[in-house]
Each structure stands twice: as structure tokens, then as C-alpha cells.
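Here the structure is laid out as C-alpha cells; the discussion comes afterwards.
The values are calculated or read from the model by the stated rules, or taken from the named source; none is laboratory data. If you're wondering where the values come from, they're calculated on a predicted model, not measured in any experiment. No Cβ is skipped: glycine too gets one built from the backbone with ideal geometry, and neighbour counts run over all protein chains shown. Accessible surface is based on the protein model in full, side chains and every heavy atom, while ligands, DNA and RNA are left aside. Shrake-Rupley method; radii C 1.70, N 1.55, O 1.52, S 1.80 Å.
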Amino acid sequence: EGIQSRQQMIFGNQNWSSTVVGTNVDFTAVKSWPMLSGAFFSDQDVRGAAKVVALGTNVAEMLFGTNDPVGETIRIKNQPFKVIGVMAAKGSSSGGQNQDDQVFVPWTTLTKKLQRQDNLQYILTSTISADDVTQAQNEITAALRINHKLNAGDPDDFRAQTQEDMVAMRSEAT
């Protein structure tokens with residue numbers, strides 16, 4: 001699950017504007033993204049909408065320089081968040097976004113305490129094998145159509161895209 005919001009982050013006299021990503025505990029596994037230090041948040045953090053945050057390496061550097069921020073408290077939207085981890089450097093996404101200039105909080109925390117909205121913007125999934133992608137996309141589409149109460153013949157009110165779909169669209173655009 002995912003939802004994003006652009007916010008100011010403050011530590012002492014340092015501040016930095018970055019993307020706050022509200023996500024779930026399996027985000028690091030789905031994205032194959034290890035921690036540099038500390039830990040990602042837990043199921044309990046998600047259930048309790050805890051004010052905990054894992055920083056991207058760029059955000060950690062901008063707010064803390066070379067110091068390890070794990071255990072420190074930053075402010076996001078004037079609310080204290082305990083830094084529990086720093087993500088390993090990831091670089092740019094296939095869309096050109098700097099993935100290290102983000103911070104990660106439980107999706108429940110973002111929807112209940114920062115953003116005040118309860119709908120997700122996207123859901124990330126992964127498969128064990130590339131051969132399973134089309135079947136997974138079809139099953140996810142069917143499940144979302146049922147969840148959104150769409151009748152046969154109604155157009156989808158969402159997009160289910162694979163990495164291949166996104167690469168093809170970018171290739172056409174360029």
C-alpha cells in the first residue's frame with residue numbers, strides 16, 4: 001500500500017523538504033531495498049499509526065550530516081517522529097525520481113496523522129518469478145474490480161501496470 005505527501009522535515013536548525021511515503025511493512029521486501037542502519041517499521045507500528053520514520057540517505061545527510069540519526073527525533077508537519085532507520089542508497093528510479101530523497105512512515109500514520117485522508121494512491125506488489133507477472137496482474141485487476149464494485153462492462157477506475165508496461169510507455173514517449 002502507498003500514499004505520498006510532500007512535507008518539511010526539521011532537526012534542530014536543519015530543515016529539508018522531501019516526500020513522505022506512507023507504506024506497509026513489506027515495502028522493503030517488495031522493492032528489494034535493505035536498511036543501511038536501524039530497522040524499518042513493524043506491523044505493530046502500522047496498527048498503532050506510530051510516529052516512526054525511516055530516512056532515505058539524502059534526507060539523513062541533509063538533516064544529520066555524517067551522524068547516524070537512528071534514535072533521534074525529527075519534526076514532520078510540527079509532529080515529532082522517532083528515526084528508527086536509514087535506507088541503503090538506491091539511486092534514481094526508472095522514472096528518474098531520486099529514491100534516496102524520501103522518508104518512509106507507516107501508511108496509517110500518514111493517513112491519520114499527517115494527511116487526513118484514508119484512500120491509498122497505489123499498491124506495490126512483486127512476484128517470485130517474472131513468468132507470474134501477467135497472471136498476478138490479471139488476479140489483482142479482478143480483485144480490485146470486485147472491491148470497487150464494478151460491473152461487467154464498466155471501465156476500470158484504476159490502473160494495474162507492470163514494470164514492462166511502464167518501460168514501454170516511456171519508450172513511446174521518448
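Within segment 74-90, residues that are over 15 Å from LYS112 (Cα atoms) sit with their Cβ atoms under 7 Å from residues that are aliphatic (A, V, I, L, M) and open to solvent by 80 Å² or more (accessible area, probe 1.4 Å), at 6+ positions apart or across chains, in these pairs: VAL86/LEU36; MET87/LEU36; ALA88/LEU36. Considering only residues that are of a type in the set (A, V, I, L, M), modelled with pLDDT of 90 or more and under 13 Å from LEU110 (Cβ atoms), which ones fall in segment 1-29? Selection gives VAL20, VAL21. Return a yes/no flag: does segment 102-118 have any residue that is assigned to a loop (DSSP other than H, G, I, E, B), within 17 Å of the chain's Cα centre (by Cα), charged (D, E, K, R) and at pLDDT 95 or above. No, there is no match, as no residue in segment 102-118 is assigned to a loop (DSSP other than H, G, I, E, B), within 17 Å of the chain's Cα centre (by Cα), charged (D, E, K, R) and at pLDDT 95 or above. Each residue in segment 3-35 was checked for being open to solvent by 50 Å² or more (accessible area, probe 1.4 Å) and out of contact with any Gly (no Cβ under 8 Å at 6 or more places or on another chain), and 14 pass. Of all residues in segment 69-87, exactly one satisfies the criterion of being assigned to a loop (DSSP other than H, G, I, E, B), exposed (fewer than 14 other Cβ atoms within 10 Å of the Cβ) and modelled with pLDDT of 95 or more, namely GLY71. Only a single item in (1) in contact with a Gly (Cβ under 8 Å, 6 or more places away or on another chain); (2) open to solvent by less than 30 Å² (accessible area, probe 1.4 Å) is not met by PHE64, and it is number (1).
The number of residues in segment 46-56 being within 19 Å of ALA29 (Cβ to Cβ), touching a strand residue (DSSP E or B) at 6+ places or on another chain (Cβ under 8 Å) and surrounded by fewer than 19 Cβ atoms within 10 Å (Cβ to Cβ) comes to 0.
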